[in-house]
Amino acid sequence: MNMIFDTHAHYDDAAFDADRDELIAHILGSGVCTIVNQGTDVRTSRFGLQLAEQYDGVFAAVGLHPECLDENSLNDIEEIRRLAKNPKAVAIGEIGLDYHYDIPRELQKEVFVRLLALAEELDMPVNIHDREAHGDTLDILRKYRPKGILHCFSGSVEMAREIVGLGMYIGIGGVVTFKNARKTVEVVREIPLERIVLETDCPYLAPVPFRGKRNDSSMISYTAQRIAEIKGITAEEVLNTTKTNAERVYNL
Ligand code: NI
C-alpha cells in the first residue's frame, strides 16, 4: 500500500543528481503515493514542475525561499505567478522568513507578503518556512490568513494551537525522531492528528536511524512510527490520516 504523502521535498537538489530518476521511480509505488516538490527560486520552481510533468505522483509548489532572496527577487514574482498557473502547481512555496541568516528582513517580509497575496489571488495554499522568526511569521499569518502548511514546525505548543486556529496545518518531519526533539514531541502530542501533515525536507533532516544521511520520501515511515508511539496509535493510522489531510490541503 502506498500511504506516504510527502508534503515538502527538494528533489531538485544536487544531492539527487546521480540517481534522481531511479530513486523517484522506485519510491513511487513502493510506499510513497505523492510528493510535493518545493521551489526555492525561479530555477528550482521550474525544475519541480518538470519533475511533476514527468511523474503522476509528483506535484510542485512554486515560490521564493527567504534564504534565496536577492535584489532581483521582487521581479521574480511575475515569473512565479506564471509558473503557478501550470496544472501541476498545487501551492505557493517555499516562502516565509528566516532570521538565522543575514538576509535583509524588510526584503524577506516584502517578498513573503507579496507571495501570500499571490496565493490568495490564485486561491492556492502556501507552504511556509519559519526559522527563528516566530513572532513576525505569526503577525503576518494573522493578518493574511492563508490556507496551507507551516513546514518543519519548530515553535511552541501555544504557537501550534494558534496556527491550527487560523485553519493551517503543522508539517512534521524527521526532527521528531531526534533525541533532543522534546518541543516537537510535545507539539505532536497536543495537536490533533487531523491537523498534522508529514514531510521530509529532503535531502535534509533524515529521521533516526538515518540522521545525517541523505533523506528521501520513503523514510517518512520512521517519522510516522515515532508519531504513532507518541500518540499511542498505529503507524498505519498516522499515514492514513495525514495523507487525507495533505490531499485536503493541496486539493488533490
Ligand atoms: Ni524546505
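The values are calculated or read from the model by the stated rules, or taken from the named source; none is laboratory data. This is a predicted model, so every value here is computed, not measured. No Cβ is skipped: glycine too gets one built from the backbone with ideal geometry, and neighbour counts run over all protein chains shown. The protein model used for the area step is the full one, side chains on, heavy atoms only, and it has no ligands, DNA or RNA in it. Shrake-Rupley method; radii C 1.70, N 1.55, O 1.52, S 1.80 Å.
Listed values, structure above:
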| item | result |
| --- | --- |
| Listing of strands (runs of 3 or more DSSP E) fully contained in the range 3-107 that carry 3 or more residues being away from the ligand (no atom under 14 Å from the Cβ) | 32-38 |
| Asp12 being without any contact (Cβ under 8 Å) to a residue 12 or more places away in the chain and either open to solvent by less than 20 Å² (accessible area, probe 1.4 Å) or among the charged types (D, E, K, R) (or both) | no |
| Among residues of the range 236-250, those that are open to solvent by 20 Å² or more (accessible area, probe 1.4 Å) and out of contact with any Asp or Glu (no Cβ under 9 Å at 6 or more places or on another chain), counted | 7 |
| Meets criteria (within 26 Å of Glu132 (Cβ to Cβ) and modelled with pLDDT under 95) for Asp70 | yes |
| Matching residues in the range 73-107 - criterion: being over 13 Å from Asp41 (Cβ atoms), at pLDDT 95 or above and open to solvent by 60 Å² or more (accessible area, probe 1.4 Å) | Glu78, Arg82, Lys85, Pro87, His100, Pro104, Arg105, Glu106 |
| Selection from the range 108-124 of residues that are in a helix (DSSP H, G or I) and either among the aliphatic types (A, V, I, L, M) or open to solvent by less than 20 Å² (accessible area, probe 1.4 Å) (or both) | Gln108, Val111, Phe112, Val113, Leu115, Leu116, Ala117, Leu118, Ala119, Leu122 |
| Counted residues, the range 125-183 - those being small (Gly, Ala, Ser), in a helix (DSSP H, G or I) and surrounded by fewer than 16 Cβ atoms within 10 Å (Cβ to Cβ) | 2 |
| Condition broken by Leu138, with the remaining ones in (1) away from the ligand (no atom under 16 Å from the Cβ); (2) in contact (Cβ under 8 Å) with a residue 24 or more places away in the chain; (3) under 21 Å from Asn251 (Cα atoms) satisfied | (3) |
| Residues being open to solvent by 10 Å² or more (accessible area, probe 1.4 Å) and of a type in the set (Ser, Thr, Tyr) - total across the range 184-215 | 2 |
